[in-house]
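Worksheet for the structure shown next.
The values are calculated or read from the model by the stated rules, or taken from the named source; none is laboratory data. What you see is a predicted model; the values in this text were computed from it and never measured. Backbone-built Cβ (ideal geometry, glycine too); neighbour counts: all protein chains shown.
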Amino acid sequence: MTWLWIALAVVAGLVVLIAVTGALLPKAHAAARRITLRQPAATVFAALADRAAMPQWRKDLGSVQELPAKNGKRCWREVSGFGPMDLMVERELPDREIVLRIVTEGSPFGGTWTFLLAPKGGGTEVAITENGEVYNVFFRALSRFVFGHRATIDGFLKALGAKFGEQVVPVDAEPAPVPS
């Protein structure tokens with residue numbers, strides 16, 4: 001019986017440690033990664049803008065459903081193994097930039113993804129900056145120390161490369177400014 005109390009105390013201690021650690025971390029973070037594709041910017045932009053086709057090349061994505069526009073801006077819901085996430089296009093500059101905002105109500109996290117496309121060596125450099133906020137202290141600690149802020153970006157960029165038959169290795173990029 002003593003071992004049971006010790007095990008429960010250890011588990012409770014870990015929960016408290018994770019909560020305290022998360023509470024001490026800042027809510028906001030920025031992470032930026034980039035790849036270079038052998039594709040022209042127009043081709044890459046078209047793939048990023050075609051939300052309905054994303055489940056075909058993003059293995060983490062089960063489905064995409066169009067939602068009613070908010071303030072005249074396009075919205076959709078992505079459903080993955082982590083559940084639904086609602087997104088809105090903040091800004092689009094054809095062949096150059098897309099800024100997406102998470103608009104899921106009650107989400108433990110939020111923020112933006114900024115996609116910047118630039119010509120590079122006959123192809124296109126694709127940089128993604130995540131300007132995120134993690135509201136839940138447990139998820140904040142886990143996202144910082146277990147999952148990492150760059151993991152989702154890296155997975156997305158690798159899937160984008162694979163869509164074009166290219167194997168890519170994401171590297172650090174200069175973060176884009178926080179969208180206003």
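Miscellaneous remarks
- Of everything listed in (1) over 30 Å from residue 13 (Cα atoms); (2) assigned to a helix (DSSP H, G or I); (3) among the small types (Gly, Ala, Ser), the single unmet condition for residue 143 is (1).
- Against the test of being touching a Ser or Thr at 6+ places or on another chain (Cβ under 8 Å) and closer than 22 Å to residue 31 by Cβ, the options 121, 110, 83, 62 yield a single qualifying residue, 110.
- Within region 142-173, the residues that satisfy the criterion of being at pLDDT below 95 and among the small types (Gly, Ala, Ser) are 143, 148, 151, 173.
- Any hit, region 66-79, residues being at pLDDT below 95 and closer than 21 Å to residue 29 by Cβ: no
- Taking strands (runs of 3 or more DSSP E) as the structural unit, those lying wholly within region 5-107 and holding at least 3 residues that are in contact (Cβ under 8 Å) with a residue 12 or more places away in the chain, touching a Phe, Trp or Tyr at 6+ places or on another chain (Cβ under 9 Å) and not small (Gly, Ala, Ser) correspond to 61-70, 83-93, 97-102.
- Some residue of region 119-139 being in a helix (DSSP H, G or I), out of contact with any Pro (no Cβ under 8 Å at 6 or more places or on another chain) and over 24 Å from residue 67 (Cβ atoms): yes
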